[in-house]
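The values are calculated or read from the model by the stated rules, or taken from the named source; none is laboratory data. Here the structure is a predicted model, which means the values were calculated and not measured. A quick note on method: Cβ atoms are made from the backbone with ideal geometry, for glycine too, and the neighbour counts reach across all protein chains shown.
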2 protein chains.
Amino acid sequence: MSASSPLDHAYAVILAGGYGERFWPLSTMARPKQLLSLLSERTMLEMAFDRLDGLVPHERVLVLTSADLVEPTIATAPDLRPENVIGEPMRRDTAAAVALAAAVVKARDPEGVFCILTADHVMGDLDLFRDTIRTGLEVAANNDVLVTIGITPAHPSTAFGYVETGDPFDAQNADTSKIPFHRVARFVEKPDRETAEGYLATGRFWWNSGMFVWSADSVTASFAAHRPELAEFINELVPFVDTDGFADALAAGFEPLEKISIDYALMEKADNIVMAEGSFSWDDVGSWPEVANHLPSDEAGNVTRGDVTVLDSANNIVLSDGRLTAIIGIEDLVVVHADGATLICPKDRAQDVKKIVTELRANPDHQNLL
Amino acid sequence: MSASSPLDHAYAVILAGGYGERFWPLSTMARPKQLLSLLSERTMLEMAFDRLDGLVPHERVLVLTSADLVEPTIATAPDLRPENVIGEPMRRDTAAAVALAAAVVKARDPEGVFCILTADHVMGDLDLFRDTIRTGLEVAANNDVLVTIGITPAHPSTAFGYVETGDPFDAQNADTSKIPFHRVARFVEKPDRETAEGYLATGRFWWNSGMFVWSADSVTASFAAHRPELAEFINELVPFVDTDGFADALAAGFEPLEKISIDYALMEKADNIVMAEGSFSWDDVGSWPEVANHLPSDEAGNVTRGDVTVLDSANNIVLSDGRLTAIIGIEDLVVVHADGATLICPKDRAQDVKKIVTELRANPDHQNLL
């Protein structure tokens, strides 16, 4: 056990690497989802940053993003320390991102512990969120475990994976009286409705939030056991962190890494995983209907932004910045104007906006709209 | 019978007075439907003008429109003679418009005969259209009758009124061998489907096209019998036509006239009405779905203009000048972008675009979009 408080060694790592194609045309290559003000005046990334107030100081909040998004990220989120915005030279999924974060934390503080968060989430009860992460950091600092944050399921969602818990976990040198911890029995993929209802009935299942807490040492050791190339990558990169040679060393080490998620690489393999009960309100907002669930609507369920005139229409999402949109007699549609493009689709096709983006990428005339 | 050809005295009058609110936001107060290029590169008004080629010389084609549309009409349709674009100082429906046209024709040629056409129609078989109007002009010049053009019904439409015919009409001093004429038994309103099918089964019913042919004398005499104030208006206005006093005399005479359609004012009252069989293709295009019926579509029935990317969508109408519109999984919608506004509605609500325009008129922020 360290003599200092574990929070003195705490880092937060926000994964903000994707483009959020499902939010096109509002999201573009240069203005990805995490830099959009989807839920408030603040961008998704700023909201993720703000949530850490009083938990982790600004200089220890890292953001991992695509190399080409480093500049727009710094420009859009002025509270971030520029040296803490780290560009991934190519897309290598979340296991490699966690390893990269571990290397940076380890180099800056050999006793470092860090939480993995994303800019995709919307949360309420932020004091409880911070208590949960704080306790996770304390547990991770003083126990050789990988902590995952499970969300107390509000309903039998089929949109999330689940964590099945086993026995209570009795953490050493950590006060878990407010935030219960459990050993993890297994992770399960998104279930169908009936299965999800069965999960909830047992009382042993939580939503898999994709938020984790661990020490740099523990996660490196776990990589060494289950993905040795990622442990090697960490150890080889550490000496270059915060030096002029960092970008080259990162590019050389990152390129050969396999694209694999942290769930497949570690969470489904390691046997020292524990789950903290996350009882704060939480949602993953991956497409427009999920965002709209967290925005105010009119009496007919229409969520509108900008200049929208509504006649006999219900349950639509209409974003009309900079122009007037008039709708008559439509239901359950998503309408988004941005710059020189407009998207229209039913809510239940909002996932397929990605397909349009793929199609547009093939057309040279549309590059300025992507 | 006149010694000269009746075509030497022929005028064409195109009624182009409305704003076409159903085409908002493409149509606006300053850019009404008749000045839009809905069906071709030419505007609706220019298409109406072009159809008269070889039938009536340019200097005898009159356009009646709202006073505030005279300037944009002249600017948009350079083939029109400016002195032939006549502004109605206020809206007084079609009976008053016909009376105004009769006064202008009578003043310029006491033997004048004229056809009443509109810019709302789409037609094919234009040689047959011109033959029909030409024969109508000849019949109207040499017989004291009011000629209405009935359209041979292509299907039991519920969107048009009908003309029921009686005996064949044996015109004097006119060659009706190619274009049969009938006496008119009655005009009937838009029927329901079953009634329309019954009409077609009799072989005696034609669509009421709203196109008419008559001499200035005959129509004035008919007004004298059924709407004497309109005959008075004509006779009082004639001396002012093509003088500096015209605008004042028109305003003074027009203002007190009742708002009434030519159908109610004359056609349902007069007993000297005959119908010419119009066998050319014809449609009245009052809203987007009707326009789209006359435009090419993709294999899924989508009519698009401008930059439109379509995924899994059918039977939509999308006008996207100046921006990209991407649609996914939508059917039977109308989407129109123009300037700073976008309209979205199902095809079967296209009539209700007028309601949106009415609502927007009440909002000072939206005046620039109307």
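Can you report the number of residues in the range A:50-61 which are under 17 Å from A:L137 (Cβ atoms) and either of a type outside the set (A, V, I, L, M, F, W, C) or not in a loop (DSSP other than H, G, I, E, B) (or both)?
Here is the first cut: in the range A:50-61, the ones under 17 Å from A:L137 (Cβ atoms) are A:51-61.
Pick out the ones that are also either of a type outside the set (A, V, I, L, M, F, W, C) or not in a loop (DSSP other than H, G, I, E, B) (or both) and you get A:51, A:53-54, A:57-61.
Residues in the range A:50-61 being under 17 Å from A:L137 (Cβ atoms) and either of a type outside the set (A, V, I, L, M, F, W, C) or not in a loop (DSSP other than H, G, I, E, B) (or both): 8 in total.
Could you tell me whether the range A:83-90 includes any residue that is crowded, with 22+ Cβ neighbours inside 10 Å and either over 16 Å from the mean Cα position of the chain (by Cα) or not assigned by TED's automatic domain parsing to the domain that holds A:E59 (or both)?
No: zero hits.
Within the range B:147-164, does at least one residue satisfy the condition of being under 29 Å from B:S287 (Cα atoms), of a type outside the set (G, A, S), surrounded by fewer than 13 Cβ atoms within 10 Å (Cβ to Cβ) and touching a Leu at 6+ places or on another chain (Cβ under 9 Å)?
Checked against the condition, which is being under 29 Å from B:S287 (Cα atoms), of a type outside the set (G, A, S), surrounded by fewer than 13 Cβ atoms within 10 Å (Cβ to Cβ) and touching a Leu at 6+ places or on another chain (Cβ under 9 Å), the range B:147-164 yields at least one hit.
Condition first: surrounded by 23 or more Cβ atoms within 10 Å (Cβ to Cβ) and hydroxyl-bearing (S, T, Y). Can you find one or more residues in the range B:111-124 that meet it?
No, that holds for no residue.
Here is a list of conditions, (1) free of Cβ contacts under 8 Å to residues at least 60 places away in the same chain; (2) surrounded by fewer than 19 Cβ atoms within 10 Å (Cβ to Cβ); (3) in the same structural domain as B:A224 (by TED's automatic domain parsing), and B:G253 meets all of them except one; can you say which number that is?
B:G253 satisfies every listed condition except (2).
Residue under question is A:L369, and the condition is that it be touching a residue at least 60 places away in the same chain (Cβ under 8 Å) and surrounded by 22 or more Cβ atoms within 10 Å (Cβ to Cβ); does it hold? Spell out the reasoning first.
Working: touching a residue at least 60 places away in the same chain (Cβ under 8 Å): yes; surrounded by 22 or more Cβ atoms within 10 Å (Cβ to Cβ): no.
Judged against the criteria, A:L369 is not a match.
B:F240: farther than 15 Å from B:I116 by Cβ, surrounded by fewer than 18 Cβ atoms within 10 Å (Cβ to Cβ), aromatic (F, W, Y) and modelled with pLDDT of 95 or more, yes or no?
no
Do you know which residues across the range B:165-187 are buried (at least 17 other Cβ atoms within 10 Å of the Cβ) and in contact with a Ser or Thr (Cβ under 9 Å, 6 or more places away or on another chain)?
Result: B:F169, B:A171, B:A174, B:T176, B:I179, B:F181, B:H182, B:V184, B:F187.
Which one is farthest from B:Q367 (Cα to Cα), of the residues in the range B:5-52 that are free of Cβ contacts under 8 Å to residues at least 24 places away in the same chain and more than 17 Å from the chain's Cα centre (by Cα)?
B:S5
From B:W288, B:W282, grab the single residue that is away from chain A (no Cβ under 11 Å), within 30 Å of A:K355 (Cβ to Cβ) and aromatic (F, W, Y).
Selected residue: B:W288, the only one of B:W288, B:W282 that is away from chain A (no Cβ under 11 Å), within 30 Å of A:K355 (Cβ to Cβ) and aromatic (F, W, Y).
For the range B:291-307, which positions are assigned to a strand (DSSP E or B), away from chain A (no Cβ under 13 Å) and among the β-branched types (V, I, T)?
Of everything in the range B:291-307, just one residue is assigned to a strand (DSSP E or B), away from chain A (no Cβ under 13 Å) and among the β-branched types (V, I, T), namely B:V303.
In the range B:180-204, which residues are farther than 22 Å from B:K269 by Cα and of a type in the set (D, E)?
Selection gives B:D192, B:E194, B:E197.
Every residue in the range A:193-230 that is among the aliphatic types (A, V, I, L, M) and free of Cβ contacts under 8 Å to residues at least 40 places away in the same chain, please.
If the condition is that a residue be among the aliphatic types (A, V, I, L, M) and free of Cβ contacts under 8 Å to residues at least 40 places away in the same chain, then A:A201, A:A224 are the ones that fit.
Please pick out the residue among A:V357, A:V303 that is at pLDDT below 95 and surrounded by 16 or more Cβ atoms within 10 Å (Cβ to Cβ).
A:V357
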